[in-house]
Amino acid sequence: MKHLMAPHLVWIGLGFLSIFVHAADVPSVPERRWELDKGLRTPESTLYDAANQCVYVSNVVGDPKRADGDGYISKISPDGKMIAEKWAQGMSAPKGMRISNGSLWVSDIQHLVQIDLKTGQIALRVFVPSARFLNDVAIGPLSEVYVSDTLGSRIYKYDGMKTTQWMTGDELESPNGLLVKDGKLIVASWGLARPDFTVDKLGGLYSIDLKTREKLPITTEPLGNMDGLELDAGGNFLASDWVAGKVFRVTPEGKAKELLSGISGAADIGWIPDGQTLLVPSGNGNRVFAYRIL
């Protein structure tokens with residue numbers, strides 16, 4: 001049975017109208033749980049590690065296209081305390097991250113980097129010479145690694161031996177955020193980008209079948225310059241718009257609802273299932289925010 005809130009009396013000119021509002025119809029406002037504003041420099045991606053009860057934050061440190069060797073990955077606690085500011089180093093502009101078989105896979109401009117979770121040391125660098133701007137990472141069912149190339153409008157696949165251009169073309173609309181769900185690669189697109197990241201048409205969400213490579217839309221209308229992509233507890237997509245500083249919840253049927261706004265450079269979001277906590281790195285604000293999302 002649905003419970004009713006107390007009636008609200010609304011003046012409509014000739015008298016008062018009693019309006020009953022279902023509690024379920026009142027939109028929930030995300031509760032900010034914490035923010036971390038120390039030790040971070042252009043944070044781009046956040047990723048929760050359930051096995052080790054920590055969160056990794058990739059720090060670009062300035063120009064996301066410059067191979068300067070200044071980038072690093074921080075390790076923080078799920079409640080926002082710094083554990084190791086420079087847990088992993090030796091990268092230039094690390095961005096998207098995913099975990100597979102004891103390793104953290106990270107994109108780094110033209111490299112896919114494998115980091116040992118036990119030591120924080122780089123175990124492997126995979127050079128992708130044709131890449132222009134490697135961005136987010138996803139792990140397939142056979143532990144293959146997919147990585148988006150936003151400025152190249154490509155998606156690469158690393159199978160443990162070699163890297164191939166898995167898909168390429170303007171129809172990919174400058175892919176950014178990636179995740180694998182139910183045999184499909186889910187993509188958050190920026191919108192086909194020029195070298196300065198401007199677009200004529202905003203991006204959205206779509207899926208690509210991992211076997212047939214059939215591409216199908218999830219959102220049917222332009223949504224934003226999409227960046228991070230995660231799944232919430234209800235199987236909905238959470239996606240960030242870097243330029244507009246927003247986070248959306250998108251149903252599997254493609255219905256989008258704005259959850260957050262006003263986050264400067266809302267980048268590659270993370271999700272902590274325990275407590276339903278959304279992590280939002282502010283690339284322009286040098287901080288990470290955590291919100292409870294219902």
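The values are calculated or read from the model by the stated rules, or taken from the named source; none is laboratory data. Here the structure is a predicted model, which is why all the values come from computation and not from measurement. Glycine gets a Cβ as well: all are built from the backbone with ideal geometry, and neighbour counts include every protein chain shown. Ligands, DNA and RNA are excluded from the accessible area calculation, which covers all protein heavy atoms including side chains. Shrake-Rupley method; radii C 1.70, N 1.55, O 1.52, S 1.80 Å.
M161 satisfies every condition listed in (1) under 22 Å from the mean Cα position of the chain (by Cα); (2) surrounded by fewer than 22 Cβ atoms within 10 Å (Cβ to Cβ) except (1). Scanning segment 128-137 turns up no residue that is part of a strand (DSSP E or B) and either over 15 Å from the mean Cα position of the chain (by Cα) or small (G, A, S) (or both). The condition of being of a type in the set (F, W, Y) and farther than 16 Å from A256 by Cβ does not hold for F237. Quick one: which of A88, A93, A67 is among the small types (G, A, S) and not in a loop (DSSP other than H, G, I, E, B)? Checking each option against the conditions leaves just A88. When you scan segment 141-157, do you find a residue that is at pLDDT 95 or above, under 29 Å from G275 (Cα atoms) and either out of contact with any strand residue (DSSP E or B) (no Cβ under 6 Å at 6 or more places or on another chain) or open to solvent by 10 Å² or more (accessible area, probe 1.4 Å) (or both), even just one? Yes, because at least one residue in segment 141-157 is at pLDDT 95 or above, under 29 Å from G275 (Cα atoms) and either out of contact with any strand residue (DSSP E or B) (no Cβ under 6 Å at 6 or more places or on another chain) or open to solvent by 10 Å² or more (accessible area, probe 1.4 Å) (or both). Please go through segment 274-287 and give me each residue that is touching a residue at least 60 places away in the same chain (Cβ under 8 Å) and under 17 Å from F248 (Cα atoms), ordered by number. Residues satisfying the conditions are T277, L278, L279, V280, P281, S282.
Listed here are the residues, each with its yes/no results for (1) open to solvent by 70 Å² or more (accessible area, probe 1.4 Å); (2) touching a Gly at 6+ places or on another chain (Cβ under 8 Å); (3) part of a loop (DSSP other than H, G, I, E, B).
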{"site": "D196", "(1), (2), (3)": "yes, no, yes"}
{"site": "K201", "(1), (2), (3)": "yes, yes, yes"}
{"site": "S207", "(1), (2), (3)": "no, no, no"}
{"site": "T212", "(1), (2), (3)": "yes, no, yes"}
{"site": "T220", "(1), (2), (3)": "yes, yes, yes"}
{"site": "E230", "(1), (2), (3)": "no, yes, no"}
{"site": "G234", "(1), (2), (3)": "no, no, yes"}
{"site": "E253", "(1), (2), (3)": "yes, no, yes"}
{"site": "S264", "(1), (2), (3)": "no, yes, yes"}
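Within segment 266-294, being closer than 17 Å to V60 by Cβ, touching a Ser or Thr at 6+ places or on another chain (Cβ under 9 Å) and either open to solvent by 20 Å² or more (accessible area, probe 1.4 Å) or assigned to a loop (DSSP other than H, G, I, E, B) (or both) holds for A267, I269, G283, N284, G285, N286.
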